1. Determine if the range 104-125 includes at least one residue that is within 24 Å of residue 61 (Cα to Cα) and out of contact with any helix residue (DSSP H, G or I) (no Cβ under 8 Å at 6 or more places or on another chain).
2. Could you say which residue among 43, 112, 80 is under 27 Å from residue 25 (Cβ atoms), in a helix (DSSP H, G or I) and without any contact (Cβ under 8 Å) to a residue 12 or more places away in the chain?
3. May I ask you to list the residues in the range 93-103 that are surrounded by fewer than 20 Cβ atoms within 10 Å (Cβ to Cβ), without any contact (Cβ under 8 Å) to a residue 60 or more places away in the chain and touching a helix residue (DSSP H, G or I) at 6+ places or on another chain (Cβ under 9 Å)?
4. Of the conditions (1) touching a residue at least 40 places away in the same chain (Cβ under 8 Å); (2) more than 24 Å from residue 17 (Cβ to Cβ), residue 59 satisfies every one except a single condition; which number is it?
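The values are calculated or read from the model by the stated rules, or taken from the named source; none is laboratory data. Since the structure is predicted, the reported quantities are computational estimates derived from the model, not experimental observations. As a convention, Cβ positions derive from the backbone with ideal geometry for all residues, glycine included, and neighbour counts pool all protein chains shown.
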């Protein structure tokens, strides 16, 4: 399965968003940096609690505010919604190639969203210094994506290199990821 080919599938942001929720997301963008922005996003979430566009907006807000624990809550919620629609278990450890194939037949675009949310969650865990948890998720993702289209195997290489250079577990040891 080519995880880069999503030309023939519906993407999460193509689902219709209630007009008021859309207005609130736009308001949050205008108010960014002000506490009113978060309030607008939370109101949008109340209006459309399972709409992935709202969840992605809230995820980004928390991420750029460096509220990484909140990011994990939103990512988990988005993954659970996606998993339910895809007919796969909430527990990512139970997903195998058979379930992945079935999910792809249901909605390839949503499956790709789910897998990328899983990877994003792994990156946040790395930033929080929760390397073992992140590594477990990345290992599973790499096993499901044998061609490494999503980059989990490459990220695992970075984690392994970091761990080999810092073998003693230090309380302050954390991985800093920067965009290339």
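1. Step one: filter the range 104-125 for residues within 24 Å of residue 61 (Cα to Cα), giving 109-125.
Retained after the next criterion (residues that are out of contact with any helix residue (DSSP H, G or I) (no Cβ under 8 Å at 6 or more places or on another chain)): 112, 116.
Yes, the range 104-125 has at least one match.
2. On the way: 43 fails: without any contact (Cβ under 8 Å) to a residue 12 or more places away in the chain; 112 fails: without any contact (Cβ under 8 Å) to a residue 12 or more places away in the chain.
Criteria check complete, one pass: 80.
3. Here is the first cut: in the range 93-103, the residues surrounded by fewer than 20 Cβ atoms within 10 Å (Cβ to Cβ) are 93-94, 96-102.
So of that shortlist, the ones also without any contact (Cβ under 8 Å) to a residue 60 or more places away in the chain come out as 93-94, 96-99, 102.
Matches in the range 93-103: 93, 96, 97, 99, 102.
4. All conditions pass for residue 59, except number (2).
Here's the yes/no breakdown for (1) modelled with pLDDT under 95; (2) over 24 Å from residue 109 (Cβ atoms); (3) surrounded by 14 or more Cβ atoms within 10 Å (Cβ to Cβ); (4) in contact with a strand residue (DSSP E or B) (Cβ under 9 Å, 6 or more places away or on another chain):
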| residue | (1), (2), (3), (4) |
| --- | --- |
| 5 | yes, no, no, no |
| 20 | no, yes, no, no |
| 37 | no, yes, yes, no |
| 40 | no, yes, yes, no |
| 46 | no, yes, no, no |
| 49 | no, no, no, no |
| 61 | no, no, yes, no |
| 81 | no, no, yes, no |
